[in-house]
Amino acid sequence: MLAQVHQCHHRALGRAELARRAELDEIEERLAKELAEVRAERDELAVAERVLERVSGQLAEERASDLPAPGQVAGRAVMLIPHREPGVEESALPPDYQRILAAVRQAAGPVMARQVGDALGIDVSVRSKLEPLRGKLVRLVDRGWLRKLPDGRFTTRL
């Protein structure tokens, strides 16, 4: 009889162990699935971080290149002069245009192209040196950085 009790008890223990083993297998399967989902999400985050870094870098480059960049006209490099508008600083102009603006601003009043040339150290007696300066002054007028008076003199818009 003791042997029968022992055998019944052994079967009951076996069933309990089997049930617990099945329960643990289910938990392991669920955790393995969750772990795979966590790893997949982590991979997606890593990709998103790389994309964000790349886009941020491109935006930074674009902001830095908001300064005028040389363009091409008839195969020659030309500097693009931005229009004056809110948010566009004078520093967006090429350095020689910044110097022209400064010379006009420092003058006692409206100035002729020759006076700007003198202030910049350009030999204004040579027409081939004066005309490019006059062209730059007119370009600054066209873009809203300077104003040209009816008598041909230039002044700052402010």
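Accessible area per residue was computed with a 1.4 Å probe on protein heavy atoms; VAL141 scores about 40 Å².
Extending 7 Å from Cα along the Cβ direction at GLU131 and again at ARG50 yields two label points whose distance is 5.7 nm.
At full extension, ALA119 and ALA40 could sit 21.8 nm farther apart than now, given 0.36 nm per residue minus the alpha carbon distance.
Take the Cα of VAL138, step 7 Å toward its Cβ, do the same at GLU17, and the gap between the two points is 10.2 nm.
A protection proxy built from the mean count of other Cβ atoms within 10 Å ranks the segments 21-31, 146-156, most packed first, as 146-156, 21-31. Each residue of the range 90-102 was assigned a 3J(HN,Hα) from its phi angle through the Karplus expression (A = 6.51, B = -1.76, C = 1.60, θ = phi - 60°), giving 4, 5, 6, 7, x, x, 5, 6, 4, 5, 4, 4, 4 Hz with x at Gly and Pro. Applying the Karplus relation 6.51 cos²θ - 1.76 cosθ + 1.60 with θ = phi - 60° to the range 138-150 yields 3J(HN,Hα) values of 5, 4, 5, 5, 4, 8, x, 7, 10, 10, 10, 7, x Hz, where x marks Gly and Pro.
Residues whose amide H falls under 5 Å from that of LEU80, counting only those 5 or more places apart or on a different chain, are ALA69, GLY71, with hydrogens built in the peptide plane.
The values are calculated or read from the model by the stated rules, or taken from the named source; none is laboratory data. Please read all numbers here as calculations on a predicted model, not as lab measurements. Neighbour counts are summed over all protein chains in view; Cβ atoms, including those assigned to glycine, are modelled from backbone coordinates with ideal geometry. Calculation scope for accessible area: heavy atoms of the full protein, side chains included, ligands and nucleic acids excluded. Shrake-Rupley method; radii C 1.70, N 1.55, O 1.52, S 1.80 Å.
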